[in-house]
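Peer 1: Dumping the structure here so I can ask a few things about it.
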Ligand code: FES
């Protein structure tokens, strides 16, 4: 009769937990993306929630994530790219700072003083043309409208929306982020 082997009998190196590599981690993230698409039966009506899911998981929507979604949903890549690039909420480039600040410079926010907020933040963070000494911690960018015009000027820090700002309140709320 054959002896039953348990994990305790296995060679020491097999008992070590498998450390996830970048490849295995990414693989399981794609599996999670698949479950988001599965909820909509891989139908294109689930494209926007799937893009949200991708952004949440990867921090931005990469070209390979777009290609993957296009293939799995059976829609042209141009459609996925067109949708992702249409909405200002979606990031198509990898974040370069720990926190992303997005100041709205759309018409309503501009009329309510967003240019002053932007100027003050650039000065505070020593940013010129998107580059500054604090780049590893903060990433500063602008958006044309977040759809919250009546509450402007608005600014996003990561995914959180802050409304009715002025330069002072914008600066002090950044101090709350590590
Ligand atoms: S213009 Fe700023 S939210 Fe619309």
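Peer 1: Consider residue 57 carefully, then state whether it is in the same structural domain as residue 31 (by TED's automatic domain parsing), more than 16 Å from the ligand (Cβ to nearest atom) and either surrounded by 18 or more Cβ atoms within 10 Å (Cβ to Cβ) or touching a residue at least 60 places away in the same chain (Cβ under 8 Å) (or both).
Peer 2: It is false that residue 57 is in the same structural domain as residue 31 (by TED's automatic domain parsing), more than 16 Å from the ligand (Cβ to nearest atom) and either surrounded by 18 or more Cβ atoms within 10 Å (Cβ to Cβ) or touching a residue at least 60 places away in the same chain (Cβ under 8 Å) (or both).
Peer 1: Further question: In this structure, is residue 144 loosely packed, with under 14 Cβ neighbours inside 10 Å, more than 13 Å from the ligand (Cβ to nearest atom) and not assigned by TED's automatic domain parsing to the domain that holds residue 46?
Peer 2: For residue 144, the condition - loosely packed, with under 14 Cβ neighbours inside 10 Å, more than 13 Å from the ligand (Cβ to nearest atom) and not assigned by TED's automatic domain parsing to the domain that holds residue 46 - is not met.
Peer 1: Output the residue which, of all residues in the range 134-178 that are in contact with a strand residue (DSSP E or B) (Cβ under 8 Å, 6 or more places away or on another chain), modelled with pLDDT of 90 or more and assigned to a loop (DSSP other than H, G, I, E, B), is nearest to residue 92 (Cα to Cα).
Peer 2: That would be 154.
Peer 1: Under the condition of being surrounded by 14 or more Cβ atoms within 10 Å (Cβ to Cβ) and more than 16 Å from the ligand (Cβ to nearest atom), which residue from the range 99-133 is modelled with the highest pLDDT?
Peer 2: Only one residue fits best here, namely 120.
Peer 1: What about residue 81, is it more than 16 Å from the ligand (Cβ to nearest atom) and free of Cβ contacts under 8 Å to residues at least 40 places away in the same chain?
Peer 2: yes
The values are calculated or read from the model by the stated rules, or taken from the named source; none is laboratory data. Note that the structure is a prediction, hence the values are computed from the model and not measured. Methodologically, a virtual Cβ is constructed for each residue, glycine included, from the backbone with ideal geometry; neighbour enumeration extends over all protein chains shown.
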